[in-house]
1. Just to be sure, is residue B:358 on the phi < 0 side of the Ramachandran plot, at pLDDT 95 or above, at the interface with another protein chain (Cβ under 7 Å from one of its Cβ atoms) and out of contact with any strand residue (DSSP E or B) (no Cβ under 8 Å at 6 or more places or on another chain)?
2. Could you tell me which of the residues A:222, A:177, A:153, A:173 is more than 29 Å from residue B:397 (Cα to Cα) and in contact (Cβ under 8 Å) with a residue 40 or more places away in the chain?
3. What number of residues within the range A:5-17 are assigned to a helix (DSSP H, G or I) and buried (at least 16 other Cβ atoms within 10 Å of the Cβ)?
4. Identify the residue in the range B:89-126 that is within 7 Å of chain A (Cβ to nearest Cβ) and more than 24 Å from the chain's Cα centre (by Cα) and, among all such residues, is nearest to residue B:155 (Cα to Cα).
5. Taking the range B:386-407 as the region of interest, how many residues are closer than 20 Å to residue A:102 by Cα, outside any strand (DSSP E or B) and at the interface with another protein chain (Cβ under 7 Å from one of its Cβ atoms)?
6. Quick check on residue B:244: is it closer than 18 Å to residue B:77 by Cβ, touching an Asp or Glu at 6+ places or on another chain (Cβ under 9 Å) and not hydrophobic (A, V, I, L, M, F, W, C)?
7. Find the helices (runs of 4 or more DSSP H) located wholly in the range B:260-351 whose residues include 1 or more that are over 21 Å from residue B:17 (Cβ atoms) and of a type in the set (Ser, Thr, Tyr), and list them.
8. When you go through A:254, A:266 one by one, which is the residue that is touching an Asp or Glu at 6+ places or on another chain (Cβ under 8 Å) and open to solvent by 20 Å² or more (accessible area, probe 1.4 Å)?
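The values are calculated or read from the model by the stated rules, or taken from the named source; none is laboratory data. Remember, it's a predicted structure, so these values are computed and weren't measured experimentally. Cβ placement follows ideal geometry from the backbone for every residue including glycine, while neighbour counts extend to all protein chains displayed. Surface areas here come from the heavy atoms of the whole protein model, side chains and all, with no ligands, DNA or RNA. Shrake-Rupley method; radii C 1.70, N 1.55, O 1.52, S 1.80 Å.
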Number of protein chains: 2
Amino acid sequence: MTIQIRKLDSTAADFKTRLSAVLAFEASEDEAIDRAAAQILADVKARGDAAVLEYTNRFDKLDAQTIGSLEIGKEELQAALDGLAPARRAALQTAADRVRAYHERQKQETGGDGFRYTEADGTVLGQKVTPLDRVGIYVPGGKAAYPSSVLMNAIPAKVAGVQEIIMVVPTPNGVKNELVLGAASIAGVDRVFTIGGAQAVGALAYGTASVPQVDKIVGPGNAYVAAAKRRVFGIVGIDMIAGPSEILVLCDGSTDPDWVAMDLFSQAEHDELAQSILVCPDDAYIARVEASINKLLDTMPRKEVIRTSLTNRGALVKVRDMQEACDIANLIAAEHLEISADDPQQWADRIRHAGAMFLGRFSSESLGDYCAGPNHVLPTSRTARFSSPLGVYDFQKRSSIIYVSEAGAQTLGKVAAELAYGEGLQAHAASAELRLK
Amino acid sequence: MTIQIRKLDSTAADFKTRLSAVLAFEASEDEAIDRAAAQILADVKARGDAAVLEYTNRFDKLDAQTIGSLEIGKEELQAALDGLAPARRAALQTAADRVRAYHERQKQETGGDGFRYTEADGTVLGQKVTPLDRVGIYVPGGKAAYPSSVLMNAIPAKVAGVQEIIMVVPTPNGVKNELVLGAASIAGVDRVFTIGGAQAVGALAYGTASVPQVDKIVGPGNAYVAAAKRRVFGIVGIDMIAGPSEILVLCDGSTDPDWVAMDLFSQAEHDELAQSILVCPDDAYIARVEASINKLLDTMPRKEVIRTSLTNRGALVKVRDMQEACDIANLIAAEHLEISADDPQQWADRIRHAGAMFLGRFSSESLGDYCAGPNHVLPTSRTARFSSPLGVYDFQKRSSIIYVSEAGAQTLGKVAAELAYGEGLQAHAASAELRLK
């Protein structure tokens with residue numbers, strides 16, 4: 001059955017409206033899920049380990065007697081790694097090495113050590129950069145078990161200098177994912193607990209007798225996990241709440257259409273709500289990609305997911321030229337942006353908003369998902385307008401340094417006092433004025 | 001009446017418990033306020049300008065006919081600046097210049113231009129840094145009208161390269177604060193609307209016919225504003241939700257006790273929930289500070305606020321030595337940390353968690369509030385464990401760059417495919433494999 005993908009033309013009068021309709025996605029906030037998560041959090045806060053144990057046994061169908069028995073030791077992680085097929089283990093190691101190398105570069109290039117400067121009167125100003133002490137990484141269990149996510153969340157934390165990384169991963173029916181445990185070993189995760197859901201988020205946020213309190217929780221999870229993370233934000237830091245995954249391909253019409261079709265599939269296969277969009281100035285080429293889609297779809301094990309995603313949320317967009325394609329890319333602010341074109345840099349220079357840019361015909365998004373080096377945790381749902389890929393900077397924070405000299409206190413004190421009186425804060429003024437000679 | 005401030009001693013058996021009790025603060029989340037904010041947001045989203053106008057006229061007791069009539073033009077901002085007393089205008093200008101200089105240094109030192117490197121096979125990896133397009137700044141009206149907040153929120157955005165800054169400030173009963181408007185002029189704010197509350201947050205987050213949609217909303221507000229910001233997070237970026245202000249003074253016992261007492265006051269005068277704590281190894285010195293507090297309190301116009309704050313939330317903590325003082329400072333992770341001691345750098349080197357560090361006897365916190373240069377928007381309520389002062393980085397975001405060469409696609413493609421098969425994502429694998437020769 002031929003797949004029906006929405007087609008848009010930028011010269012149409014209603015183009016903007018139609019494009020908005022394609023992009024429209026409202027994360028449904030389920031009040032029942034939110035209330036359930038809140039109740040579990042309150043219970044974990046009040047009863048600690050006992051509550052975590054009860055929820056874990058109930059939801060994951062386990063029969064554990066203590067939280068301690070749910071911890072996986074380093075030897076077992078190492079054994080999981082040793083037990084992997086050699087090719088898979090080697091691939092995991094290569095991916096980890098490349099992710100580490102990129103994030104070390106990121107740390108070095110973006111001011112990992114802060115700065116400090118001295119003014120003429122001896123006053124020193126600056127910024128100190130410090131890693132977080134302890135971080136929690138949530139890893140989903142069951143069907144969506146992604147070892148690559150373990151690498152992408154743990155390695156930047158390690159590179160930042162986080163002292164201890166606590167991973168939680170539910171094991172429904174006691175089934176462990178060896179590839180996930182192997183990834184934890186390679187990434188240098190310090191402790192692993194086989195707990196999940198809102199109860200795991202609560203354990204990490206509040207701490208229990210067995211699970212240490214962390215300073216930040218990162219990593220994807222289901223709706224209960226997302227609701228729990230939102231609620232503990234402020235007690236601990238959290239990463240972005242991820243929406244459905246998206247790919248936007250800008251193509252000049254010269255890439256093998258099978259490649260582009262498969263790139264659209266690679267996003268669509270994630271889930272029915274994923275979004276794959278092609279933007280191209282060449283009508284004939286769009287038709288060739290569509291033919292490739294129909295030719296290749298049946299070869300895909302996840303073809304039903306792909307079909308639903310492309311039908312409901314996909315689009316093939318004809319534009320006037322590549323300049324206009326870039327304008328639309330800035331409007332969409334996609335999580336993944338492929339620029340499959342000759343001299344892609346000229347177009348990349350025009351892009352202001354994207355999570356990650358994949359330049360040139362050989363940069364398939366899947367390379368970035370696994371092993372190119374940059375992080376695959378990226379801003380979704382147009383949040384690339386104001387947020388960034390997960391990075392070393394997410395596991396560091398800054399403290400301002402203000403070391404005012406006696407001479408500096410004389411000039412700054414008068415300015416501060418003047419403004420403090422203007423704001424009606426007399427103790428502020430007096431505190432500055434007491435230091436005047 | 002002598003003020004009763006809690007006294008703690010780190011050698012007491014119950015010290016940790018007592019310290020935790022002093023620090024405990026739970027932001028009360030008022031469900032009624034949250035529901036009201038949600039309802040206003042939904043109304044603004046549905047009806048735009050008309051809803052914003054109705055709420056503004058009702059809550060601020062105005063009689064405006066259009067949102068356009070609530071916009072303050074650049075000429076009026078300039079006139080407000082021109083109308084200030086010369087000393088006040090000069091102080092505002094000095095503060096703005098110093099805040100700008102610090103944040104320009106911050107941009108330069110922390111990788112404002114991103115990075116890029118080429119691997120042996122020609123693959124290019126990197127990170128592009130881009131400013132946000134448009135930012136909204138919320139400025140409270142009425143009693144807590146702080147021109148310094150306008151500078152601290154707007155200037156980093158300007159330095160980051162944000163194209164347009166929209167400020168909203170309610171004017172209950174039509175009363176405008178000339179110092180706030182003057183600060184907006186100096187800071188380079190582009191447009192100002194005299195709207196506030198959840199309706200202003202909604203206008204900025206969704207956009208209306210008159211108010212442009214922004215990408216991020218920063219700045220403090222009341223409980224309705226905070227609730228509205230939480231709810232629009234994800235549609236736009238937001239800054240941290242601020243808790244009560246805090247100061248922690250570590251003193252070696254050689255600073256004029258009047259200075260330290262006044263520094264504690266300068267935090268306590270903000271509001272009854274503000275927290276001021278002194279930590280010192282010298283019992284006799286603590287007694288001298290307490291005497292100064294009682295001597296100076298009556299001279300303070302805001303003495304009742306100070307008294308309540310110090311009584312309910314203040315503490316004088318005796319410790320064994322300055323090393324222990326630093327350990328406690330890391331536990332508290334204070335918004336403002338003064339290290340009032342000889343050679344303060346030796347202690348600053350031990351501090352991992354603080355919003356801003358004020359080193360030496362002359363660095364009163366009030367200098368940092370107004371004009372030292374670093375930002376006064378700082379993480380409160382122990383969130384300095386995982387978050388940072390407001391900075392240029394809050395108005396920039398990164399995009400990863402992945403430009404894989406043909407040769408790179410051969411090696412990376414095999415790694416990616418191996419891992420994609422391991423995760424059951426066959427389209428990901430095929431997308432990489434199609435690029436293999």
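1. no
2. Result: A:173 is the single residue among A:222, A:177, A:153, A:173 that is more than 29 Å from residue B:397 (Cα to Cα) and in contact (Cβ under 8 Å) with a residue 40 or more places away in the chain.
3. So the answer is 1.
4. Once the filter is applied, the top-ranked residue is B:115.
5. Within the range B:386-407, residues that are closer than 20 Å to residue A:102 by Cα, outside any strand (DSSP E or B) and at the interface with another protein chain (Cβ under 7 Å from one of its Cβ atoms) number 3.
6. no
7. B:283-296, B:303-313
8. A:254
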